[in-house]
Amino acid sequence: MTPSATALLLLLLPLGGALLTALFLRRRGEAAAWLSVGVAGVLLLLGLGLIFSGERFDRSVEWLRFGEFSLSLGFLFDDLAALMLFVVVFVGFWIHLFSLGYMKGDPHKARFFGGLSLFMFAMIGMTLADDLIMLFIFWELVGLSSYLLINFYFHKPAAVAASKKAFIVNRIGDFGFLLGIIWAYWAFGSINLNEIAVIIGEKPETIATGIALLLFCGAVGKSGQIPLHVWLPDAMEGPTPVSALIHAATMVAAGIYLLCRVSVVMTTEAATVILWIGVATAVYAGFCAIAQRDIKKILAYSTISQLGFMVAAFGLGTRLALADGGSITLGMVTAGAAAAMFHLTTHAFFKALLFLGAGSIIHACHHEQDIFKMGGLARSTPLTFITFTIGVLALIGMPFLAGFFSKDAILYLAWQVSPVAFYLLVLGALLTAFYMSRLWAVAFFGAPRSDGAKHAHENGPVMVVPLIVLALFSIVAGYDALYPEAFAAVMAAIPHPSGADKTLIVGVSVAVLVVGVLSALLFYRPGAAEDALERKARPVHRFLAARLWFDDVYNWYVAKVQQRLALVLSYLELVFISGLLVRGLAGFSGLLGLGLRSLHTGNLNAYLYWILIGLVLLWGLTIGLASGS
Amino acid sequence: MTAADFQALLPFMCVAAAAVIVMLVISFYRNQTLSAILTLAGLLVALASLPIAWSHAPRAIPPLLRVDSFALVHLALLLVGTVAVTVFSQRYLEKYRMERGEFYILLLLSALGALILAAADHFVAFFLGLELLSVSLYVMVGYIFVKEKALEAAVKYLFLAGLTSALLLFGLALIYAALGSMEFSALAAAVAGAPDGLSPFLVAGMLLVFAGAAFKLSVVPFHLWTPDIYQGAPAPVTAFLATVSKGCVVAVLLRFFAPLDPASQTGLFSALAAVAGASMIVGNLLALLQDNLKRILAYSSIAHFGYILVAFLAGGENGPAAATFYLVTYFAATLIAFGVIGYLSPTDQEADTVADYRGLFWRRPGSAALLSIAIFSLLGLPLTAGFMGKFFLVAAGAAAGLWPLLIILTVSATLGIFYYLRIIIAMYSGEGRKSEGRTADAPFAPTSATVLVLLAVLLIVIGIAPEPLLAFIQAATTLAP
Amino acid sequence: MPDAPYWPFLVYATLVLTVAGGILVLSSLLGPRHQERVTGEPYESGVPPTATARLRLSVKFFLIAILFVIFDLELVFLFAWAIAIHELGWPGFWGMVVFVFILAAALVYEWRMGSLDWTERSAQARLRERREAFAKRQQENAAP
């Protein structure tokens, strides 16, 4: 089988699975579940085969032609895509397996697994896409499947609202993305990623900051960066495996992947904007996480924060690459892209692990999500406790675990480019250590504080095995020497501090870790029944819980501004028609003795007048501009 | 007239003959279903005769008509639209116990008017076609005369269409005064002969003709009738109004404006651009406020024809093809939407508020799925035909450099998510609460189900593989300037 | 004809306004003005009116008038054809045959619909038949 045929198969298998489920297995949840897990397993095997075959290719077929404009469908499979594909199929498979246990007994299992297959299809398509339009199409499909899965418990109004919010907020980002694609086509005359790189290589003046920023808009929406992050915490209304797969490990990282794919169009200005948005998000989300009680929301804010790290890494590395007249060329993996993708990979492992652990806890505690109502889980669910602890340690950057290495690479980049960014990111890391220790200490220790937690017990092997596998990877994924040859291009570009820098960065991150963990443990006490921050410093807590009022501003905008604008427009029509025109003109015509008015036909008269007035306006426009030219 | 002429005119003659036959049959044997079957037969024979006409294309039937590939593509589209409307009407009228087959005579005559418009090459044919279309529509809008809303809509439509017909006629008079001829080709010659500007009479005339056509397309500022009449008219008639009666006008406008060069006619084209931009904005914004499905679709149709005007303004090689392609996608989606609404409407009133569709998926999954596909396509979601349609519009606009309009298109189309999504969410929410919403329980008739499913499949297929259809349309709609 | 002078149109427009306005103005200036007891009453050759002028007419007249207008106007085309019958030859003849056939079909339709029945009896009989048929159908529809 040729590599591109394998790629096509990778795409068609999950689509076929989703279609089969939708058409025939809607009422047969068990069969749908096994089909979906089977497909995910085959995807894993095929994907690994493709990745380690060492084949890298760019193949496209013309899809449609319109005038001079042609649209092709194709695969661009380079090392970047290989790494992303590895994350998607690997994490995807274990989460599918976990879902078998988690969704046991749910009457709508078929819809769930159908949605997962659809998501795999879209995500793989996006990973392999070789031009912006195809990328955009799959990007939208990913959004659609995310929408369907957040909406899974649609009898809960919160889930419906969350799915709607996710869809709409993402569309705002996508709208910028679309404008960026249009602009890119206008500037480069092509939307194929490699062709764009070639064109930029030949004519560097075609590059524009606007294009990069508009494309970044899409990433802002999908990867939950400020100011479009508001949908991600709400998206936790979906089933927990969905949160793990889509809203932690893969889909939300798609924005980072997109940035790395289009790094050739970046300019220094764009990289600066990207960098600061990433830094701001990393710190902001860290603060938000402190005031959350819901285990999944804490993890969601943590995800946003980590995505901020990745975005910042990309911006930093791009600045570095472009500094002193440098340029990014076709096929080049910048230090920023490498660091971002490295962190993306390690994050995918430990965050999926954390979410699955959270899912396991929630499942064990009979759907209790408030960490202050848990407690004592270290004893009742030991395996989950151990794996979850590994996840926490990896996330907060415990030396020799995965997160430590990838975070250090990012901090090192920041140290080279901007000290301010460096200190802010260190603050972000401190916050990470703080809120994760809080979660860990409160949820696992002390006495059980609710009925659910009292009767908690360890889950079956279907759910525990994925935890163990992911925990293993959370330990080893940080050693780039362990990565096979297939990812060499990415791994070689990861920046590693050395000498004095190394001492500094390792020292700072270990110090931050110790300070964060200790202060959290001292402040919250393991097994606390209530939020110490809320009790001791109510204003601070309230401020953090308000999350800078982003949601309120958006609600206000939609309810007051947009709705108002539409209302004003309709009033205008109403006022113009019934007020001014009917009264005014009818009075006028009454004066003329035309006797045209009557209350019942008033509306109709108004329509007639409106048409005539419009015609006069158009006539004016025609004549006015015609004589002006 | 030669035999070839007659063969080229076969589609028209089939539809006309069907009207006479239905009328004669009604005189002796009144049966709604029989009338519908005869109508359907006439339309299908007309469709079948298209290849015969194609073999003689391009053929001018002097002085009124020109049967070329452009016209035939539009004829096919209009005939298919009418077939769908016929199928929907049969069940709808039966529900009202309207044993009145006269509806089909009107439908056929209206369709004949639309066909004439699509092939018009002369202002007289233009006017004849438009009047034939409108006069029958007045009656069709008020056909269910036991409903006051329908009567009100019919009266409004009569008055407004009467006014715009008068404007159109005035425009024709001005053009005749300026050109001394009423053939489209004379207009082309006049344009070619006066590169630095046309006479004000001619420009005014063309503007008035455009106004007459714009009323049918319901673009701003001629859009005010749309929501009232969409809401009041019976659902199948609304389907006809929204598709066939607009599609044929797009065809005639494309042909009418084909000889014009945007660069030399800045005044006229800036007026048209204003109409297009205003339609997109007003249509999408006002749709946000509606709670009535028919009104939402009415306002969104204003926006959709704003989009089509963009392709129309782009002109050139790709404009007509993009507009025609968009029409195909719009036809299919709109027919499904109104077909489903007509089906779900109980006799006492139309099921047309968004609340009526709450939890539809749990009551009638098939209808909900069809409606979802239609709405996704209207919204322009990737992998549906609507996305491809919008894509080609944007491509055509980009080729012509209409950036401001394209930005308006993208921005206002984004607003569409808000109101389209409301319908979708309503349909999929509220599981188990079966009593919600007033929708009829009657199952779909097999004919209608077939038509609806075929249309839905078409939307998906075009969304995935638009190339064959697009290539065909591009080859067929190249208008000689 | 872009170079055609516009002034004839202006003259024409002025003329129209002058004549129309002039007649109104002149008649109001020159016309007699007086208000007596019978000024407002209709003039019926000096005889006082005996009843209101608003008579109730059967709607049949209206229908017949409409039908007459349709057929009368359509028949005008026959005259035009008759004048040019030799020039048009057989194609013209067949064209006219189709035209007359459609007219005849419309006539048949009207006749069968009862539009041509003048007397109350026959019209009412038809109406009754139709009502009965309708009621029967409704029973049939309601039965299952």
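A few notes on this one:
- Under 18 Å from the Cα of B:LYS149 - lysines, other chains or at least 8 residues apart: B:LYS95, B:LYS294
- Listed residue (A:ALA537, A:GLY101, A:ILE290) projecting farthest to the positive dipole end of the protein assembly as shown, Cβ model: A:ALA537
- Assuming charge only on the beta carbon of Lys and Arg (+1) and of Asp and Glu (-1), the dipole of the protein assembly as shown about its Cα centre is about 3560 debye to the nearest 20.
- A compact globular protein would have a Cα radius of gyration near 2.2 N^0.38 Å; the ratio found for chain C is 1.95.
- Theoretical gain in end-to-end length, C:ILE23 to C:VAL69 [0.36 nm per residue, Cα-Cα removed]: 13.2 nm
- Cross-link check: pairs B:LYS156/B:LYS246; A:LYS164/A:LYS536; A:LYS296/A:LYS454; A:LYS203/A:LYS407 evaluated at a Cα-Cα cut-off of 27 Å; pairs beyond the cut-off: A:LYS164/A:LYS536; A:LYS203/A:LYS407.
- Across peptide C:103-115, the average count of Cβ atoms from other chains found within 10 Å of a residue's Cβ is 3.
- Rounded to the nearest 20 debye, the dipole magnitude of chain B is 840 debye, with +1 charges on Lys and Arg beta carbons, -1 on Asp and Glu beta carbons, and the Cα centre as origin.
- Computing FRET efficiency as 1/(1 + (r/R0)^6) for C:GLU132 and C:ALA84, where r is the C-beta to C-beta distance and R0 is 41 Å, gives about 0.20.
- Label positions at A:HIS366 and B:ILE460, each projected 7 Å from the Cα along the C-beta direction, are separated by 4.3 nm.
- Per-residue packing, averaged as other Cβ atoms within 10 Å, sorts the ranges B:213-225, C:30-42 into the order B:213-225, C:30-42, beginning with the highest.
- Shielding of B:223-231 by partner chains, average beta-carbon count, 10 Å: 2
- In terms of the mean number of neighbouring beta-carbon atoms within 10 Å, the peptides A:105-116, A:330-341 order highest first as A:330-341, A:105-116.
- Taking a ≥ b ≥ c as the square roots of the eigenvalues of the Cα gyration tensor, an a/c ratio of 1.5 or more together with a/b larger than b/c marks the range B:22-116 as prolate.
- Within 10 Å of the Cβ of each residue in B:266-275, the mean number of Cβ atoms contributed by other protein chains is 6.
- All Cα-Cα distances of the protein assembly as shown, cut into 20 Å bins from zero to the largest, leave 10, 34, 31, 17, 6, 1, 0 percent in each bin in turn.
- Helix C:59-83 axis, angle to chain C major axis (alpha carbon atoms, nearest 10°): 80
- Toward the positive end of the charge dipole of the protein assembly as shown, with +1 on the Cβ of Lys and Arg and -1 on the Cβ of Asp and Glu, the farthest Cα among A:LEU259, A:VAL89, B:GLY247 is that of A:VAL89.
- Each Lys and Arg Cβ is given +1 and each Asp and Glu Cβ -1; about its Cα centre, the range A:368-504 then shows a dipole of about 360 debye.
- Highest mean packing first, where packing is the average number of other Cβ atoms within 10 Å per residue, the peptides B:400-406, A:178-184, B:296-302, A:56-62 line up as B:296-302, A:178-184, B:400-406, A:56-62.
- Shown here are the Rg and Dmax of the Cα trace of chain A, at 27.3, 97 Å.
- B:LEU289 paired with C:THR50, simple spin-label distance in nm, labels 7 Å along Cα-to-beta-carbon: 6.2
- Think of the range A:3-548 as a dipole: +1 on every Lys or Arg Cβ, -1 on every Asp or Glu Cβ, centred on the Cα centre; then among A:ILE150, A:THR209, A:TYR479, A:ILE150 lies furthest on the positive end.
- Across the range B:7-166, C-alpha contacts under 8 Å between residues 6 or more apart give a mean separation that, scaled by the residue count, equals a relative contact order of 24 percent.
- Nearest-ten-degree value, helix A:499-524 long axis tilted from longest Cα axis of chain A: 90
- Virtual spin-label span in nm between C:PHE61 and A:VAL273, 7 Å along Cα→Cβ: 7.9
- Take every pair of alpha-carbon atoms less than 8 Å apart whose residues are at least six positions apart; their mean separation over the length of the range B:261-481 yields a relative contact order of 29 percent.
No value in this document is a laboratory result; all are computed from the given coordinates. Note that this is a predicted model, so its numbers are computed, not measured. As a convention, Cβ positions derive from the backbone with ideal geometry for all residues, glycine included, and neighbour counts pool all protein chains shown.
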